Structure formats: structure tokens, C-alpha cells
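Everything on this sheet refers to the single structure shown next.
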Amino acid sequence: MSYQKSEHLFEESSKHMPGGVNSPVRAFRAVGGAPVFIKKAKGSHLYDVDGNEYLDYVNSWGPAILGHANDKVVEAVQNACVDGLSFGAPTGKELELAELITKNLPSVEMLRLVSSGTEAVMSAIRVARGYTRRDYIIKFTGCYHGHSDGLLVKAGSGAITGSAPDSAGIPEGYTKTTLLANYNDKESVKSLFEAFPEQIAAVVVEPVAANMGCVPPKDGFLEFLREITKENGTVLIFDEVITGFRMGLGGAQGYYNVIPDMTTLGKIIGGGMPMGMYGGRKEIMQQVAPMGEVYQAGTLSGNPIATAAGITTLKLLMEKKDKYAKLEQYAIQITDALKEAFPQARVNRAGSLYSIFFTKEEVVDFESACTSDNEMFAKYFHYLLDHGIYVAPSQYEIQFLSMEHTDEEVARTCQIIRQAGKDLA
Ligand code: KE4
């Protein structure tokens, strides 16, 4: 494969944008080499500027669950554009999208649309603090909830592979009310509630940790979080920016049947356009301005183009709901191939979410995830890329399937993975 044009674009982009990218994980820093610059995408395929074609297992980090450039979503966006791009005034599309979200996630009795997952989680935490009149929150080491100041504490995703997990530029005061627990470790949560009685506003958690690689919740962990937060008058926030409409129409809360007080969404509900959502119990959401005293606003919140894409995406997912089982079956096929190819590695899966860790340790939290051999991951990544398979360029991400992947493409992927196991041994 030639990557010449990508390398040139990367060199030029690096003069104008930090790391040549507009989001750190895209820079391939964790795996080395220059990122491939994408020219276009359709269905399950990406096409880079050098004319290389890839089977895509990143899918824009989740939004492209229907496959890229779905004809009906593109048509909905095109039709919306000719009526105006943004009004800064309410539209019926926001109501339609809100109704679709609540229909599939009944715990979201009331919601606010925003423009990113970061904005969604940042806002949800502010509302939980306003509702409880408490300051502390609990997050889990290695979980990532966007880049708002108070949450960039031992964060996952690109915050692991870039600089130290704690970001520069955040005054200590912004994070001293952020308490850290370990994922899948009930005792670490209990001890914080004992140390901060009646002071914890919220527990925010990825119901499947997907930003330290894929780390599923141990049996009973989510149920435990539900109970201890209820006992302490603490708001349980499920950050479903990845799992929402990915693990099924009911998200992770439907998959595991554990119902949070608040939910955040992003990615899929925008169908690839900028979109986020925070919502939950009506008595909590009524705290939000202009109804209540918690302020949050956004020029492009619920804009007519992103809502058009989101509405069409969710309606299509509701029509295709039987295909979620297919996504999970593909993930089982691929993870079986990974286990066969790399018997020394650990492969985690939750629904159709999965990732490989090049470590002999069982990976159940951030500490065990960090025992992975990142150099081996980089070799694996580039082997797949050179064979036309585009997976996440970091050990601490997961793979995303689309409903456009076919039996043949998945079988070919498994064959390449098995060959990688032989060639990289
Ligand atoms: P955005 O602000 O990137 O839309 O969403 C932040 C966010 C919030 N919560 C969870 C669970 C998330 O995974 C994310 C963002 N996910 C990363 C991928 N690990 C986005 C990719 C990137 O940062 O470029």
C-alpha cells in the first residue's frame, strides 16, 4: 500500500493543527506512522487519498452504525439543508428526535439536545450537582467522558495514549471534587461513599467501559452502582455516548436491565452529524434553565441538519432492530478469530463491542488494561491496515461494526486476523 498523499497531507496539516489532527487519537501517535487521510466512505468501506480501500471497524468511533453515507440519511440531510441550516429557534425536528429517544429509552423522561458527548456529560454533571446541592462526583479510572475540565482525571481514550492521563491546563480546584474509583471494584466505590457521606452528587460511569479498550461490567457491578447511589441519594449517570443505540435500541441500560437516573448520548443519535443529549428523570431535568436554575445553552443545539440525520438514523435502526443480533454474531466470529490467532492475548467483548489486549492478564479495569504490550498492538494495527482492515489506532479503543458489514467481509477479516497471528508470532 502507498500512503504518499496521506503523508504529505499529514506533514502540511501538522503545520496548522496540533499533531495535524482535530482530535488526538486520530494522529496514530499510539501506533506510529502517518494517519491515512480519508477521501470518502460508503457502507462498510473507507477510501483514502492514495486510493487505498479499507474495511472500516472504527465507523467514525460509533456514529456510522448504518454504514457510511446511508442513502436515506444523506437524503434527509440534503432535504433539510435547502430549508436552512440553523435558526436558533425551536423546530419540530427536535421534538421528533426527543420522542424517538424517549420511546427507546423510557428512563429519559425529559432531555436536552447538545452538540457533542463532551457537552452532554459536562451538562449532566452540572444538573446532578444542582439537583442534589452536592459537589462531589465519582468517575472511574480509565473511563472517558469527554474533555471537560473536571473529568480529565485519569481519563481513558486519547488521554491515555497522549500525555499523562491528567491533562495540563486544568487548575487543581477544578478536579478536587472529582473522586476516583476503580471499574468493577465495589469496595473502591463503597469507601468513597463512607468517606464523603451525603456529599456525592453523582456517579458517572460507562456501563461498558470502552475507552480503555473494551472492559465489560462484572456480573452485579452495575446493579451494585444502582443500589448504592439510590441508598445515598446520589444521581447515577450512565454515559451511553458509545453504548447508546449501539448495544440495541435500549442501549446498555436495556441490555443489562439496570436503569440510571440520567443518561448521556452522542455519536449514533446524530447519524454522523454533531449531536449529544443528556436527560433522565423529569424531576431532575426540570432543574435546567429556563425551567430551573441550572444553566446550559448552545447556539447549534438541536439544529435542523443534525436532527434530520438523527431522526432518520434512529427510525432506520428501529426498522432494522433484528440486525443488532447480527452485529453481535460478527463480533463473536471476530473475537474467536482473535483468540485463535493470539492465544497469549486477552480478548474482551460486550455485545458487539470488543477489543484485544496483548497481555496475559485478565483485563477488568484500567490497571490491568495498562499491562498490554502497546508495541505488539502497533504491529497488529499496521498489519491489518496494510491488508485493508482499518481498526482503531490505539490499544485503548474498541472496534465498531456497522449494519453494512457482510458475512463475506467478516470472514475475510477473520482470515486476515488468523494470518496475522502466524506472521506476527
Ligand atoms: P465527544 O465529545 O467526542 O462527542 O464525546 C465524548 C465522549 C463521551 N463519553 C464517551 C463514553 C465517549 O467514548 C466519548 C468520546 N469517544 C471517543 C472515542 N473513544 C471519541 C473519539 C475522539 O476522541 O476522537
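The values are calculated or read from the model by the stated rules, or taken from the named source; none is laboratory data. Keep in mind that what you see is a predicted model, and the values were worked out from it rather than measured. Cβ coordinates were reconstructed from backbone atoms using ideal geometry, including for glycine residues, and neighbour counts include every protein chain displayed. For accessibility, only protein heavy atoms count, side chains too; no ligands or nucleic acids. Shrake-Rupley method; radii C 1.70, N 1.55, O 1.52, S 1.80 Å.
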| Which net charge results for the neighbourhood of T243, defined as the other residues with beta-carbon distances under 12 angstrom from its beta-carbon, given Lys and Arg at +1 and Asp and Glu at -1? | -1
| remark: Among F342, A289, I38, the residue whose Cα sits farthest towards the positive end of the charge dipole of the chain, when +1 is placed on the Cβ of each Lys and Arg and -1 on the Cβ of each Asp and Glu, is A289
| field | Dipole of the chain, positive end: most advanced residue of A159, G142, T118 [Cβ charges, Cα centre] | value | T118
| note | With I284 itself left out, Lys, Arg at +1 and Asp, Glu at -1 over residues whose Cβ is under 15 Å from its Cβ give +4
| task | Find the percent of Cα-Cα distances in segment 24-68 that exceed 16 Å, and round it to a whole number. | result | 41 percent
| Spin-label pair R412/N22, simplified geometry with 7 Å Cα→Cβ offset, distance in nm | 3.0 nm
| task | Return the FRET efficiency for the residue pair D336, D71: r is the Cβ-Cβ distance, R0 is 22 Å, and the value is rounded to the nearest 0.05. | result | 0.10
| Taking the alpha-carbon centroid of each part, what is the distance from segment 370-425 to segment 216-275 in angstrom? | 28 Å
| Rg [Å, one decimal], Dmax [Å, integer] - the chain, C-alpha atoms | 20.8, 61
| request: Assign unit charges at the C-beta atoms only (+1 for Lys and Arg, -1 for Asp and Glu), then state the dipole size of the chain relative to its Cα centre in Debye, rounded to the nearest 20. | output: 340 debye
| request: Counting only heavy atoms of the protein chains, get the accessible area per residue of segment 280-342 (1.4 Å probe) and round it to a whole Å² value. | output: 46 Å²
| task | Write down the accessible area per residue of segment 370-425 in Å², having rolled a 1.4 Å probe over the full set of protein chains. | result | 38 Å²
| remark: With bins of 5 Å, the percent of all Cα-Cα pairs of segment 187-340 per bin from 0 is 2, 8, 14, 17, 18, 16, 11, 7, 4, 1, 0, 0
| message | I need the Debye-formula profile for segment 190-261: one equal scatterer per C-alpha, no solvent, reported as log10 I(q)/I(0) at q = 0.14, 0.16, 0.20 1/Å, two decimals. | response | -0.43, -0.56, -0.83
| query | In whole percent, how big is the carbon plus sulfur part of the accessible area of the chain, probe 1.4 Å, protein atoms only? | reply | 51 percent
| message | For a protection proxy built on the mean count of beta-carbon atoms within 10 angstrom, sort 337-347, 390-400, 189-199 highest first, please. | response | 390-400, 337-347, 189-199
| remark: Along principal axes, largest first, the alpha-carbon spread of segment 1-157 in whole Å comes out as 56, 42, 27
| field | Dipole magnitude of segment 33-129, debye to nearest 20 (Cβ charges: Lys/Arg +1, Asp/Glu -1, about Cα centre) | value | 300 debye
| said: Solvent-accessible area of K282, probe 1.4 Å, all protein chains present, reported in Å² to the nearest ten, please. | reply: 90 Å²
| request: Can you check what the net charge comes to around A76, using other residues whose Cβ is under 11 Å from the Cβ of A76 (Lys, Arg +1; Asp, Glu -1)? | output: +1
| If you put +1 on each Lys and Arg Cβ and -1 on each Asp and Glu Cβ, how big is the dipole of segment 211-316 around its Cα centre, in Debye rounded to 20? | 360 debye
| Quick one: if the Förster radius is 51 Å, what FRET efficiency do M1 and E231 give, using the C-beta to C-beta distance and rounding to 0.05? | 0.35
| said: Suppose the chain between E172 and D322 were pulled fully straight at 0.36 nm per residue; how much longer would it get relative to their current alpha carbon spacing? | reply: 49.2 nm
| Which pairs break 32 Å Cα to Cα here: K40/K154; K282/K315; K5/K379; K230/K267; K39/K218; K103/K176? | K40/K154; K39/K218; K103/K176
| remark: Check: C-alpha center segment 182-208 vs C-alpha center segment 21-67, spacing in Å is 36 Å
